[in-house]
Structures are given as C-alpha cells and as structure tokens.
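The values are calculated or read from the model by the stated rules, or taken from the named source; none is laboratory data. Every value quoted in this text rests on a predicted model; they were computed, and no experiment measured them. Cβ atoms come from the backbone with ideal geometry, glycine included; neighbour counts cover every protein chain shown. With ligands, DNA and RNA removed, areas are computed over all heavy atoms of the protein, side chains included. Shrake-Rupley method; radii C 1.70, N 1.55, O 1.52, S 1.80 Å.
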Amino acid sequence: MLKAVGIISEYNPFHNGHLYQLRQAKKITNSDLTVVVMSGNWVQRGEPAIFDKWSRTRMAIKSGVDLVVELPFQCAVQPADLFAKYAVNILGHLKCDYLSFGCENYHINFEELGNFKIQDSIKNNLKSSMPYASAIREYVFEKTGQSISSPNDILGMNYSVANKSLEHPMQIFPVKRLGAEHDDLKLNIHKNISSASAIRSSIFHKKKNFNDYLPSYYNDFNFDDFINWDDLFPYLKYRIITSSLSDLKQVYQVNEGLEFKLKKEITSSNTFEEFMSKIKSKRYTYARLRRLCCYILVNYKDDAIFDYVRILGFNQTGRTYLKQIKKSVDVPIISRANKNNLNDELKYEYKAGFMISLITHENEDLYRFPLIYK
C-alpha cells in the first residue's frame, strides 16, 4: 500500500523553497508520494493568485508533486484557523499518513500545540484593543512558554490543532524554512531561495532577476501574464457601487456598519491600494479587508461549505494512489465541472474562477479536466 505525505500550499508561485520542502517532506517521512492541497485562484490573504490554478498545478507536478487537489475559494480565503481546518480535512479525506509543513522555528513543539483548543479558550477573553491573532499568540505564550509569531509557525500551530480533530490524525513533520523569511520583499542575492513575496514583487515590476529562485524547467513559462488586484478592481468597484446597502450587508463578514464605509470610499478610489488605505482602521487588518473584497466580488453569503475533493492534476503515482483510496474516500471526488456541481459544490469556485477568466480569457472550470503527467 502506498503511503502519502500531505502538504498544504498556495504555490504562489512554486519556487526553490517549495522544492526543498517537498523533497524534505518525502525524505523524512519515507513516503511513496506527495499529495498537495493547493489554493485555487484566490489565496488566503485575500488576493488573486499570481497565476491561475492550472498553471500552478503544472508547476507543482513538473516539480515532483504526485497529486494536486484544490482548496475551494470559500475555504482558501479565510483566516489561518479556518484555512488550516478545511485544508487538513481534505488531506484526511484522502487518507494521508503524514502531514508536513514549513516552519520558521524548528524548536516549537507543534504536537503539543495541537492539543490546545485555542480559539475556544480565548474567545471570551479577547481584549477589545487586541487583534485576534495577537490574542492567540499571547494565550499560547502564557500557557506553553512557546513564542509563535511568524506566519508559517502560526499556520503550523493551526494545522496541528486541526489535525488533532481528525478521526485518524496524521503524523506531523515540520520542515525548517531555508534562505528567506516568509514576507521578505527583497530577493536573497546570496542564496537561490527567496520568499514568494519577493518573487511576486519582481514579477509585478517586470524585473528579470527572479529566475534563479525558480526551478530551471520554468524557462518556457510566460511570467508576463500575471494577475493582481489592479486587474480586478474595476469589477469590485462596479459591484460595490451598484449594490444596495442591504445587499452589501448580506455578504459574508460585512458587519459592524462596514457597508457604509465601503459605499462612502469606493467612488473616489482609483486603485485597489487607494481603496484599502481609505477603509483601513485599527479594528481590521489589511488581510481581512482584502478577503472581504473577495467575498463581495463573488457575492459570497456564508452559504454551507461542501465536503468534496476536486482533482487538479496527477502523475502516474498519483493516479495509482487515487485508485487505491477511491472506495474509502467518504466525500465526492470531482474531476470535472458539470451543470450539477456548478450549481452545488462548485458554485462559488466557478464564480471566483470566472473573475480570473475575465483577465486570462481562459475557462477556469468549465471544459477543464485534471492535468495528467506520465
């Protein structure tokens, strides 16, 4: 029986740091294959992925991933705890034996942190002036003496908590990040590993100095066809201007009078960045406000989230593994979009993908099949 290590990622885009983590995960777990749950066309911080999900799936499989499945829009564009919960659940459905993730501080006992029901424990003790993430960090330090501050360590903690809630928890294997901090905005000229943030910045500014930080077989990839919020801002502006206050208030996470602020500032804003600066306050992080804009764009109203597995691509090993587990997977496995699932499980995925299609002029869900590599 094949044993699989699960990885949760955005591959935004796939770079040498991801390649290192992928190889280390397989090595330290002695797994037969890697299964990656990857965010689709929108990522956790409320931004469109720099390249569409099919391009990023191709990057992943060419780099050695055996099976890529999609983390749906309404699961991917969420705070860290919900992002982690939904992604880990998918790996659980796929019967992965191990869970591996990158971390900044290898000394952290993630297994221990997984035993804390962090959100439940501090929900009623939040200081009104303290952001939710800061309250969690303070609580963890108070209870364990462990300092959790970097984005990857926070995600790792949430992965561990979510994993403990599975009927059959996976063994966890953190891999220490190399070369660059998670949010470094400058390329690391001394090593061939840099952060995805720095690589995206170079791509956005059409610099050609990022190639050394990507696997060499991407030479045939067109990095000029990137996507960002500037491309989509006119559609967001139209949605907010033409929606009534009552319609906006029904959108997921539009509360505490935010609909009035959105309406007030959108007309005079000429760019997405300008709009963000006008609606930003101490109460809301930029990430939450960007996610809010994503929900408005697709008119997401906190509908039920379906349990399913959407296949984006695989190689021969991934195909063999799917055959091995298919009968024991207890949720629908979707390999293509059709009239039924586009109105059901894939309803918001289709809407979110359609926004990207307006930029790329390529179908993101209709008429698309999993990428297959031998």
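Excluding Val331 itself, calculate the net charge of residues whose Cβ lies under 14 Å from the Cβ of Val331, where each Lys or Arg counts +1 and each Asp or Glu counts -1. In short, -2.
Once R0 is set to 35 Å, what does the formula 1/(1 + (r/R0)^6) return for the Cβ-Cβ distance between Lys327 and Lys27, expressed as a FRET efficiency to the nearest 0.05? It would help to have the intermediate numbers written out before the result.
Details: r = 30 Å, r/R0 = 0.85.
Calculated value: 0.70.
Each other residue within a Cβ distance under 13 Å of Ser9 adds +1 if Lys or Arg and -1 if Asp or Glu, for a net charge of +1.
Which net charge results when you count Lys and Arg as +1 and Asp and Glu as -1 among the other residues whose beta-carbon is under 13 Å from that of Glu259?
Numbers: positive: Arg239, Lys249, Lys261, Lys263, Lys264; negative: Asp247, Glu256, Glu265.
Counting the neighbours of Glu259, the net charge comes to +2.
Rolling a 1.4 Å probe over the protein heavy atoms gives the chain an accessible area of 47 Å² per residue.
Shape class of segment 242-291 from the Cα gyration tensor (axes a ≥ b ≥ c, square roots of the eigenvalues): oblate, since a/c reaches 1.5 or more and a/b does not exceed b/c.
A Förster radius of 25 Å, combined with the Cβ-Cβ distance separating Glu167 from Glu138, puts the computed FRET efficiency at roughly 0.20. With 0.36 nm allotted per residue and the present C-alpha distance subtracted, the Asp344-Ser246 stretch has 32.8 nm of extension available.
For the pair segment 1-67 and segment 239-267, the centres of their Cα atoms are 36 angstrom apart.
In the chain, the calculated helix contribution to ellipticity at 222 nm averages -12500 deg cm²/dmol per residue, counting -39,500 (n - 2.57) for every DSSP H run with n ≥ 4. Sorted largest first, the principal axis extents computed over the alpha-carbon atoms of the chain equal 58, 51, 48 Å. If I stretch the segment between Asn115 and Phe354 completely, what's the gain in nm (0.36 nm per residue apart, minus their alpha carbon distance), one decimal? Full-extension gain reported as 82.1 nm.
The simple Förster model, with R0 at 30 Å and r as the Cβ-Cβ distance, assigns Phe204 and Ile372 a FRET efficiency of 0.40.
Straight-distance candidates among the lysines for linking to Lys280, with alpha-carbon spacing under 17 Å and chain neighbours fewer than 8 residues away dropped: Lys237, Lys261, Lys263, Lys264.
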